[in-house]
Amino acid sequence: MPATHTSRAIRIDQHGGPEELKLVEVQVGEPGPGEIRIRHKAVGLNFIDVYQRSGLYPLPMPLQLGMEAAGIVEAVGEGVAHLKAGDRAAYASQPPGAYSELRVLPATCVCKLPDAIDFETGAAMMLKGLTAQYLLRKTLPQGGLQPGDFVLFHAAAGGVGLIATQWARALGLQLIGTAGSDAKCALAKENGAAHVINYSTEDFLARVKEITGGQGVKVVYDSVGKDTWDKSLDCLRPFGLMASFGNASGPVGPFAPGILGAKGSIYVTRQTLFSHIATRESTQAMADELFDVVASGQVHIRIDQRYPLEQVQQAHRDLEARKTTGCTILTL
């Protein structure tokens, strides 16, 4: 019989609230062709985990959650050339399964972790950092972005937001960040936002128009969804780009394409990280850029919450209640 290894893992048997997250023991086998087995040192939490748990993004049951982690490669399957046993590694990858001590997964999206970056940082930064990379470097308005250009970034004090604010500053962009409290606005400002707006007390559309001298922004990066959608479209200058990449307040409803013409011939796109990291080459190129800005100190990965694996229910409650800032990890 093939060797198996016992691992603690977090599993759900049906969609629902945080109470569905159960700590179980699972058996982990040997990696097949194109796969690796990795022993995790730390695991990242993301809003997509909440969507998968709740059923907004339905997946077959039972389901082991978690999309990013860092650890040490224990074994590699046939055909895996970029990793070997003993390598430090980090990933953001499908299928889910990172909420565990040990797992087997496809090697495509697993990258060697530079020695300058510790495991907790590696686990916290892959999904959120690669998301910031594809947004600021690849999801661009007509004519691209140049230093001095205005962009609007919602949830600027969140995990993706705090990476994006720092990266935007390094690129010379004038990032206008929104957040739901004065404390979160101060955090976004401290991390590189040129301007901040508390959208619970201010009309962000009026403030964006004021900041940009009535011109609007070239691009809106929006992970909030339903609550910010309509006003975000009105924040755009002609030919601007609305880049939707999440639904923290709920999914955006149907809309008539004709409104895009009326609002200045604007563009709309709905992006996902997994389209961008579909190949080994694109994953590595994006990760190399991310590793460079982190190792150089241009982007600092803030880990503001740490929970032991067995406290994952509380971690999800805090994430959904908007009690978290920066990145959140599970420790093993």
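The values are calculated or read from the model by the stated rules, or taken from the named source; none is laboratory data. Everything numeric here is computed off the predicted structure, so don't read it as measured data. Every residue, glycine among them, receives a Cβ derived from its backbone with ideal geometry; neighbour counts consider all protein chains shown.
For the reader, a short list of remarks on this structure follows.
- Search result, residues across the stretch 195-217 that are over 10 Å from Ile176 (Cβ atoms) and not acidic (Asp, Glu): Asn198, Tyr199, Ser200, Thr201, Leu205, Ala206, Lys209, Gly213, Gly214, Gln215, Gly216
- Residue within the stretch 145-164 that is more than 30 Å from Gly32 (Cα to Cα), surrounded by fewer than 24 Cβ atoms within 10 Å (Cβ to Cβ) and among the β-branched types (Val, Ile, Thr) present: no
- Flag if Gly180 is modelled with pLDDT of 95 or more and out of contact with any Cys (no Cβ under 9 Å at 6 or more places or on another chain): no
- Residue within the stretch 185-202 that is buried (at least 22 other Cβ atoms within 10 Å of the Cβ), of a type in the set (S, T, N, Q) and either over 20 Å from Leu127 (Cβ atoms) or under 20 Å from the mean Cα position of the chain (by Cα) (or both) present: yes
- Check on Asp227, at pLDDT 95 or above and either surrounded by fewer than 19 Cβ atoms within 10 Å (Cβ to Cβ) or under 23 Å from Ala92 (Cβ atoms) (or both): no
- In the set Ala116, Ala90, only one residue is closer than 29 Å to Ala156 by Cα, surrounded by fewer than 18 Cβ atoms within 10 Å (Cβ to Cβ) and of a type in the set (Gly, Ala, Ser); that residue is Ala116.
- Pairing each residue of the stretch 76-88 that is in the same structural domain as Ala285 (by TED's automatic domain parsing) with any residue that is among the polar types (S, T, N, Q), provided the two are 6+ apart or on different chains, yields C-beta distances under 8 Å for His82/Gln284.
- Residues of the stretch 251-270 that are in a loop (DSSP other than H, G, I, E, B), under 25 Å from Gly143 (Cα atoms) and touching a helix residue (DSSP H, G or I) at 6+ places or on another chain (Cβ under 7 Å): Lys263, Ile266.
- Of the strands (runs of 3 or more DSSP E) lying entirely inside the stretch 125-238, those containing at least 3 residues that are in contact (Cβ under 8 Å) with a residue 24 or more places away in the chain span 150-153, 174-179, 217-222.
- Here is the figure for the stretch 287-332: residues that are among the small types (Gly, Ala, Ser), within 13 Å of Ile117 (Cα to Cα) and surrounded by 15 or more Cβ atoms within 10 Å (Cβ to Cβ) total 1.
- Test for Pro95: is it more than 23 Å from the chain's Cα centre (by Cα) and surrounded by fewer than 20 Cβ atoms within 10 Å (Cβ to Cβ): no
- Unmet criterion (only one of (1) farther than 23 Å from Met126 by Cβ; (2) hydrophobic (A, V, I, L, M, F, W, C); (3) out of contact with any His (no Cβ under 6 Å at 6 or more places or on another chain)) for Ala170: (1)
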